[in-house]
1. Counting only residues that are within 23 Å of residue 151 (Cα to Cα) and touching a residue at least 24 places away in the same chain (Cβ under 8 Å), which one in the stretch 13-35 is surrounded by the fewest Cβ atoms within 10 Å (Cβ to Cβ)?
2. In this structure, is residue 268 in contact (Cβ under 8 Å) with a residue 40 or more places away in the chain and part of a loop (DSSP other than H, G, I, E, B)?
3. Being surrounded by fewer than 18 Cβ atoms within 10 Å (Cβ to Cβ) and either touching a residue at least 40 places away in the same chain (Cβ under 8 Å) or assigned to a helix (DSSP H, G or I) (or both) narrows it down to one residue among 237, 202, 293; which is it?
4. Which of the residues that make up the stretch 36-90 are at pLDDT below 90, among the acidic types (Asp, Glu) and either farther than 24 Å from residue 209 by Cα or surrounded by 14 or more Cβ atoms within 10 Å (Cβ to Cβ) (or both)?
5. Check whether at least one residue in the stretch 113-126 is surrounded by fewer than 18 Cβ atoms within 10 Å (Cβ to Cβ), farther than 21 Å from residue 56 by Cβ and free of Cβ contacts under 8 Å to residues at least 40 places away in the same chain, and report yes or no.
6. On the given criteria, is residue 248 buried (at least 16 other Cβ atoms within 10 Å of the Cβ), at pLDDT below 95, acidic (Asp, Glu) and part of a helix (DSSP H, G or I)?
7. Please list, ordered by first then second residue, the pairs with beta carbon atoms under 6 Å, 6 or more apart or interchain, first in the stretch 49-71 and under 16 Å from residue 123 (Cβ atoms), second of a type in the set (A, V, I, L, M).
8. Of everything in the stretch 107-140, what is of a type in the set (Gly, Ala, Ser) and closer than 15 Å to residue 53 by Cβ? Give them in sequence order.
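The values are calculated or read from the model by the stated rules, or taken from the named source; none is laboratory data. Fair warning: this is a prediction, and the values are worked out from it, not measured in the lab. Positions of Cβ are generated from backbone atoms using ideal geometry, with glycine treated the same way; all protein chains shown enter the neighbour counts.
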Amino acid sequence: MLPDGLRQLFRSFIVEPLRRIDREQREYLTSEASHRPDWKIVVVMVTSALVLTLQFYFGRGDSIGRIADLLDGGAMVSPDGYYEGSSRLTDSFADRLRLWAYSRETTELATGSYWALFSFATYLLIPWFVIAVVFRQRLSDYGCKLKGAFTDWWVYIVFFLVMGPLLLWVSTHRHFQMTFPFYKLRRDEALWPYFWLWELCYFVQFLGLEFFFRGFMVHGTKHRFGVYSIYVMAVPYCMIHYGKPMLESLGAVIAAVVLGFMSLKNRSIWMGASIHMSVALSMDMLSLWRQGYFG
């Protein structure tokens, strides 16, 4: 038997939110609307597939060079892949873009920030258009509200007490150190400015990611699937981690369920975004530490 305090906490934190979510789902399923084709589900799922497809084919960091090539049809690139035009005046936008993308000093920032900002734009702008124009609803209906966002702030502390030892352990693995941070520092390169500019772009990407998965997908399907909307979202969320260490891909399943539940419970994505950013920064710092960057 659980002590009365823990039983009350379990009831208020888990049971009552699940009952509310189930009640809201049943209200829809017993309504007249549920007997008609659910075009909202169709639009949410097709839009989600479109966003992820655009990211796979156009969101990779090396796409920035191809964009510059399309602008003027040519590039001055050396055999080792770096731009050779820094000694001449580059007046065109394509040349400046190419110089930024292929210069030894900025190529990591260019490709990384392109991926992060392209991800943010597609995660946010396309669903935003669908919500505002097609559904004619407010973003606050999809988790973008501050009121009550940090009601369960203590979860943030508990999450880190659990994640801290796990991050310390996985940071000893060579694959982890080879993967993080995504921004690869040059030998003797300082963290400022490029690394921290990359981290800023990385954080912005997480805002879009949380809105897309825990906002658009979860709140866009909860009327039909209820709490199971979390698991609908968890599948593609796990799959975007393929190519990273296997432990991270498996951990993404747990993160999807926990953060999805928090989004449904508080009707807000901001707690999830804060946790995601903090864990990502911790992973980058631990990897640099394990690699001896800090001495």
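1. Per the stated criteria, the residue is 22.
2. yes
3. So the residue among 237, 202, 293 that is surrounded by fewer than 18 Cβ atoms within 10 Å (Cβ to Cβ) and either touching a residue at least 40 places away in the same chain (Cβ under 8 Å) or assigned to a helix (DSSP H, G or I) (or both) is 293.
4. Answer for the stretch 36-90, where residues must be at pLDDT below 90, among the acidic types (Asp, Glu) and either farther than 24 Å from residue 209 by Cα or surrounded by 14 or more Cβ atoms within 10 Å (Cβ to Cβ) (or both): 69, 72, 80, 84.
5. Within the stretch 113-126, none of the residues are surrounded by fewer than 18 Cβ atoms within 10 Å (Cβ to Cβ), farther than 21 Å from residue 56 by Cβ and free of Cβ contacts under 8 Å to residues at least 40 places away in the same chain.
6. So residue 248 passes the test.
7. 51/126
8. Initially, the stretch 107-140 is screened for residues of a type in the set (Gly, Ala, Ser), giving 110, 112-113, 116, 119, 121, 132, 140.
Correct list: 119, 121.
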